[in-house]
There are 2 protein chains.
Amino acid sequence: MKESPRSNAEQSGSTPESALGTRDRIVRAASVLMQRQGYDGTGIKQIAQEADATLGSLYHFFPGGKQELATAAIDHGNREFVEALNASLDGAEDPARALAEFALGLADRLAESDWVDGCPISTTALGSVGRLPDVQSAAAQAFAHWRGLVSGALVKAGIARAEADELAHTVISTLEGAELAAQVSASRVPLEMAAKHLAQLVDAHR
Amino acid sequence: MKESPRSNAEQSGSTPESALGTRDRIVRAASVLMQRQGYDGTGIKQIAQEADATLGSLYHFFPGGKQELATAAIDHGNREFVEALNASLDGAEDPARALAEFALGLADRLAESDWVDGCPISTTALGSVGRLPDVQSAAAQAFAHWRGLVSGALVKAGIARAEADELAHTVISTLEGAELAAQVSASRVPLEMAAKHLAQLVDAHR
């Protein structure tokens with residue numbers, strides 16, 4: 001429970017920290033810190049420090065300051081989630097099973113990280129509502145993107161587009177909520193139940 | 001989108017702000033501010049200011065400071081949610097319909113508050129993971145309490161206890177995630193879809 005944000009950023013990405021450019025290190029540090037401490041609780045100085053960057057280079061890459069950085073952090077979290085979701089859904093013949101396995105994979109990742117390595121955008125997204133329009137908009141686009149991937153997989157499996165779009169809302173909502181509950185309760189059970197019931201729900205629509 | 005936390009606290013409670021004791025005003029202010037800005041983004045001084053209380057009286061009621069206050073804020077949010085959930089489930093003959101209506105009620109409340117008046121504990125809960133054990137424990141207990149209420153209603157409707165306990169996880173996770181998505185997207189749709197699919201899921205288990 002006491003890992004540094006840096007070690008966590010290393011765990012969750014595929015590139016070792018040392019090989020990353022300064023901009024990427026800043027974005028990763030912002031992503032991890034804001035996800036754990038919220039937007040308001042994370043200072044620019046702390047981000048620079050964790051990224052081994054100077055304040056000067058931070059403002060060079062992000063002249064818009066913290067809100068621009070939070071938007072980039074959301075985009076980074078979005079790509080991370082999209083990559084994982086695609087790895088589960090691409091070429092899956094049975095999307096119900098693929099989604100269930102994806103949910104169990106989230107549980108594995110959470111448990112391995114001692115329950116801190118949750119959804120890369122939810123804390124920042126929640127804290128942005130009605131206050132940080134660019135950040136909120138990036139988060140809304142990320143959710144829409146994830147729904148699009150789920151819906152596409154459901155359509156491929158023979159579900160009508162309108163129905164697949166509706167189901168995709170509930171798939172993403174359930175995964176988000178179950179990940180939150182799993183983190184807070186330090187337990188795999190919410191994600192195990194999400195896996196089971198999402199598979200049932202998708203199967204009932206095929 | 002620019003309402004003050006105070007006016008929002010008035011909206012969401014049944015007692016007018018002026019009639020509340022100092023302790024209650026402090027807890028409500030802490031609850032609303034932390035939900036919007038996160039634990040780290042909310043200062044003790046700001047809470048006292050919003051509650052029309054002195055720092056002296058704040059520390060009188062909460063000698064443990066911010067973490068004790070956050071725990072009380074979670075407990076307050078818990079009671080608020082329990083009251084609303086009980087109002088929907090008590091005496092409901094059809095829990096699938098009752099849960100769907102509850103989800104639509106969350107959408108109404110969110111839309112009326114310009115999407116800021118979401119789950120009263122999720123932001124604070126997420127920000128507590130692995131860092132603020134008392135706050136995290138209060139949040140975990142709140143989720144468990146809500147699941148217990150849902151499970152009880154499902155058992156009354158004839159679903160076996162073990163199955164009802166499992167479903168209750170997904171009901172609460174889906175409501176949480178849909179509320180988050182609705183807030184971020186400023187849209188009722190995620191909660192409308194949660195209402196529809198949770199009703200289908202519960203019906204499939206009866």
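Some observations on this one:
- Magnitude of the charge dipole, segment A:8-204, Cβ model with Lys/Arg +1 and Asp/Glu -1, debye to 20: 440
- Protein-protein interface of segment A:165-185, residues with accessible area decrease of at least 30 Å², isolated chain reference, 1.4 Å probe: A:Glu166, A:His169, A:Thr170, A:Ser173, A:Thr174, A:Gly177, A:Leu180, A:Gln183, A:Val184, A:Ser185
- Among the listed pairs A:Lys196/B:Lys156; A:Lys45/A:Lys66; B:Lys45/B:Lys66, those beyond 20 Å (Cα-Cα): A:Lys196/B:Lys156
- Within the accessible area of chain B (1.4 Å probe), percent carbon and sulfur: 50
- A:Asp90 label point (Cα plus 7 Å toward Cβ) to equivalent points in the other copies: 5.4 nm, shortest first.
- Counting Cβ atoms of other protein chains within 10 Å of each residue's Cβ and taking the mean over peptide A:116-129 gives 5.
- Accessible area in square angstrom per residue, segment A:65-206, 1.4 angstrom probe: 34
- Shown for B:Gly65: label points 7 Å from Cα along the beta-carbon vector, and their distances to the equivalent points in the other copies, 2.7 nm in ascending order.
- Measuring only protein heavy atoms, the 1.4 Å probe finds A:Lys196 accessible over about 90 Å².
- Taking all protein chains as they are arranged and a probe of 1.4 Å, the heavy atoms of A:Asp75 leave approximately 60 Å² accessible to solvent.
- Remark on segment A:93-174: Rg and Dmax equal 14.5, 42 Å (Cα only).
- For A:Thr42, solvent-accessible area (1.4 Å; no DNA, RNA or ligand), Å²: 0
- Copies compared at B:Glu112 - label distances in nm, ascending, label defined 7 Å from Cα in the Cβ direction: 4.6
- Binned Cα-Cα distances of segment B:12-144, short to long, each 5 Å bin given as a whole percent: 2, 10, 19, 21, 20, 14, 8, 4, 2, 0
- Accessible area buried, both sides summed, chains B and A with 1.4 Å probe, Å²: 3800
- Per residue of the protein assembly as shown, the DSSP helices (runs of n ≥ 4 H) give a summed -39500 (n - 2.57) that works out to -24500 deg cm²/dmol at 222 nm.
- In Å, descending, principal axis extents of the Cα set of the protein assembly as shown: 59, 54, 33
- On full extension, the segment bounded by A:Arg161 and A:Ala87 gains 24.5 nm, given 0.36 nm per residue less the C-alpha separation.
- A:Glu166, B:Glu179, reordered so the largest accessible area comes first (probe 1.4 Å): A:Glu166, B:Glu179
The values are calculated or read from the model by the stated rules, or taken from the named source; none is laboratory data. Only a predicted model underlies this, so the values are computations on that prediction, with no experimental measurement involved. Every residue, glycine as well, gets a Cβ built from its backbone with ideal geometry; the counts of neighbours run over all protein chains shown. For accessibility, only protein heavy atoms count, side chains too; no ligands or nucleic acids. Shrake-Rupley method; radii C 1.70, N 1.55, O 1.52, S 1.80 Å.
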